[in-house]
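Step one of this worksheet: look at the structure below.
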Amino acid sequence: MGYVNTQVTLKNLRDVLNAKEGNLPEDKIRQATIDVMVDTGASMLVINEKLFQQLGLNSIGESEITLANEAKETCKVTEPLMISWEDRFTPMPALVIKDAQDFLLGVLPLEGMDLIVDTVNQKLVGAHGKKTVYRV
């Protein structure tokens with residue numbers, strides 16, 4: 001299949017909500033646009049400690065995870081942040097792997113934004129075309 005890489009924008013959700021309430025100027029929302037590897041073998045968004053600090057996120061706990069090489073590691077779980085791809089978005093926590101070299105976009109954020117991997121063209125596409133469909 002090969003690798004699929006894309007860009008996503010991550011925003012501190014607390015900042016987004018404070019801006020919507022008029023308590024924070026929009027230009028003060030802590031955010032970053034990053035390159036991610038789409039990884040359908042991963043469940044969540046994976047970021048590193050540097051980005052965790054840059055976005056001003058809080059940890060809501062820790063979780064033991066299994067890496068691709070089967071090694072176990074304990075990492076932080078963040079408060080929800082806003083993950084955006086093109087015109088789609090989803091609020092979701094991330095896993096913080098301290099020295100991660102690559103950022104990973106797993107299946108839960110993909111599902112949250114109604115996205116799938118087009119393996120032929122090596123890119124993300126809407127699971128239901130241009131229209132975002134949420135299941136309830």
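The values are calculated or read from the model by the stated rules, or taken from the named source; none is laboratory data. If you're wondering where the values come from, they're calculated on a predicted model, not measured in any experiment. As a convention, Cβ positions derive from the backbone with ideal geometry for all residues, glycine included, and neighbour counts pool all protein chains shown.
Considering each residue of the stretch 94-136, count those that are at pLDDT 95 or above and over 16 Å from Asp39 (Cα atoms), and give that number.
Counting residues in the stretch 94-136 that are at pLDDT 95 or above and over 16 Å from Asp39 (Cα atoms) gives 0.
Regarding Asp15, is this residue free of Cβ contacts under 8 Å to residues at least 60 places away in the same chain and buried (at least 17 other Cβ atoms within 10 Å of the Cβ)? Lay out the reasoning, then the answer.
Numbers: free of Cβ contacts under 8 Å to residues at least 60 places away in the same chain: yes; buried (at least 17 other Cβ atoms within 10 Å of the Cβ): yes.
Answer is yes for this residue.
Identify the single condition in (1) on the phi > 0 side of the Ramachandran plot; (2) in contact (Cβ under 8 Å) with a residue 12 or more places away in the chain that Val38 does not satisfy, given that it satisfies every other one.
Result: Val38 fails condition (1) only.
Which numbered condition in (1) part of a strand (DSSP E or B); (2) modelled with pLDDT of 90 or more; (3) of a type in the set (A, V, I, L, M) is the only one that Ile65 fails?
(2)
Just the residues that are surrounded by 13 or more Cβ atoms within 10 Å (Cβ to Cβ) and out of contact with any strand residue (DSSP E or B) (no Cβ under 9 Å at 6 or more places or on another chain), please, taken from the stretch 60-114.
Val107
Being more than 16 Å from Met92 (Cα to Cα), free of Cβ contacts under 8 Å to residues at least 60 places away in the same chain and among the charged types (D, E, K, R) narrows it down to one residue among Glu62, Glu21; which is it? Give the derivation first.
Numbers: Glu62 fails: more than 16 Å from Met92 (Cα to Cα).
It is Glu21.
Working only within the stretch 11-33, note down all residues that are among the aliphatic types (A, V, I, L, M) and touching a helix residue (DSSP H, G or I) at 6+ places or on another chain (Cβ under 7 Å).
Quick first cut of the stretch 11-33, residues among the aliphatic types (A, V, I, L, M) only: 13, 16-17, 19, 24, 29, 32.
Passing the criteria: Ala19, Leu24, Ile29, Ala32.
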